[in-house]
Amino acid sequence: MKWLLLLWALGPGDVYREFPDAKTAPPEQLTGAIRAENAAGEVSLALLRGKKVEGPVRVYFGASVVGPKGQIVSPRNGGTIKDDPEIRIDAEGESELWAYFERLGSAWHRVAPDWKTQWVPDQPKRGIKLQLRVRRPDGLWAVARQVDDVTLERKKVSVKIFQAGNPGPEALTAATEAAWLVGEEIRPVAINEIGAAPEKGAALLVRFAR
């Protein structure tokens with residue numbers, strides 16, 4: 001399920017539940033709640049319990065509610081990863097792995113433990129963060145301690161992003177591959193067939209030999 005809510009900042013230790021429709025939230029699953037939010041911002045718990053809130057909602061809980069356990073085993077804070085690393089995790093129940101890196105601005109992106117970084121643009125040193133979210137079968141989520149200051153180290157390869165579309169032949173010297181970035185979708189394109197952007201707002205990702 002794709003939720004705008006998943007893009008909200010989450011901190012280590014946050015325990016929460018997500019309901020696709022606030023009106024269907026069982027009262028017993030709101031015990032221990034300290035706040036709730038939807039895409040518009042904070043929601044009154046009184047209105048939520050009174051079934052007067054509609055649409056997707058995320059409900060956060062205090063220390064009285066213990067969430068599932070999990071951690072990122074490697075890399076550690078300040079660590080270095082190569083292209084297409086395997087992120088090692090230890091999780092109680094299902095889990096999601098998220099990475100924070102600069103692309104068009106900065107945002108959290110859902111990634112897999114075997115993270116394919118082919119089209120991740122070159123990043124500032126120590127500029128990547130990783131976050132693990134763990135879900136128990138009862139639907140309760142918890143956020144593990146974040147891993148900070150991770151460096152993506154590449155040798156003989158560079159990946160650049162051109163936000164204005166086709167950068168012209170001079171800027172493509174030593175280019176080996178290219179792809180259009182349309183929203184979150186990657187669309188590979190031949191270097192000699194780049195042409196105009198396929199959609200408004202699309203950016204161009206290019207891999208270079210160096």
Original post:
Radius of gyration and Dmax for region 157-209's Cα atoms, expressed in Å?
Top reply: 9.9, 28
Subject >> For region 4-61, fraction of C-alpha pairs farther apart than 13 Å, in % >> reply: 55 percent
Original post:
Tell me, in nm to one decimal, what length is gained between ALA190 and TRP108 on full extension, where the rule is 0.36 nm per residue of separation less the Cα-Cα distance?
Top reply: 26.7 nm
**OP:** For every helix of n ≥ 4 consecutive DSSP H residues, a contribution of -39,500 (n - 2.57) applies; sum these over the chain, divide by its total residues, and give [θ] at 222 nm rounded to the nearest 500 deg cm²/dmol.
**Re:** -500 deg cm²/dmol
Subject >> Those aspartates and glutamates that a straight Cα-Cα span of less than 13 Å connects to LYS116, excepting residues fewer than 8 apart in one chain >> reply: ASP83, ASP84, GLU86
Original post:
If we count other beta carbons within 10 Å of each Cβ, what is the order of THR176, THR117, THR151, fewest first?
Top reply: THR176, THR151, THR117
**OP:** Mind pulling up the Rg/Rh value for region 112-154? Radius of gyration and Kirkwood radius, both on Cα.
**Re:** 1.09
**OP:** Give me the distance between the Cα centres of region 122-140 and region 57-89, rounded to whole Å.
**Re:** 5 Å
Subject >> Neighbour-count ranking [beta-carbon atoms within 10 angstrom, fewest first] of VAL150, VAL157 >> reply: VAL157, VAL150
Original post:
Plugging the Kirkwood radius over Cα pairs into Stokes-Einstein for region 70-152, at a temperature of 25 °C and a viscosity of 0.890 mPa s, what D comes out in µm²/s?
Top reply: 189 µm²/s
Original post:
Hey, if you put +1 on the Cβ of every Lys and Arg and -1 on every Asp and Glu Cβ in region 13-55, which of THR24, ALA40, GLY50 ends up farthest toward the positive end of that dipole?
Top reply: GLY50
Subject >> Candidates per trypsin sites (Lys or Arg not before Pro) in region 66-106, loop by DSSP, up to 12 other Cβ within 10 Å >> reply: ARG76, LYS82
Original post:
Straight-line reach from LYS200: which lysines have a Cα under 25 Å away, not including same-chain ones fewer than 8 places off?
Top reply: LYS2, LYS160
Subject >> Dipole magnitude of region 1-114 about its Cα centre (Cβ charges: Lys, Arg +1; Asp, Glu -1), debye to nearest 20 >> reply: 400 debye
Original post:
How long is the chain along each principal axis, judged by its Cα atoms, biggest number first, in Å?
Top reply: 62, 37, 23
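Computed from the coordinates by the stated procedures, all read-outs in this text should not be read as laboratory data. Just so it is clear, the structure is predicted and the values come from calculations on it, not from any experiment. Heads up, the Cβs are rebuilt from the backbone with ideal geometry, glycines too, and the neighbour counts pull from every protein chain shown.
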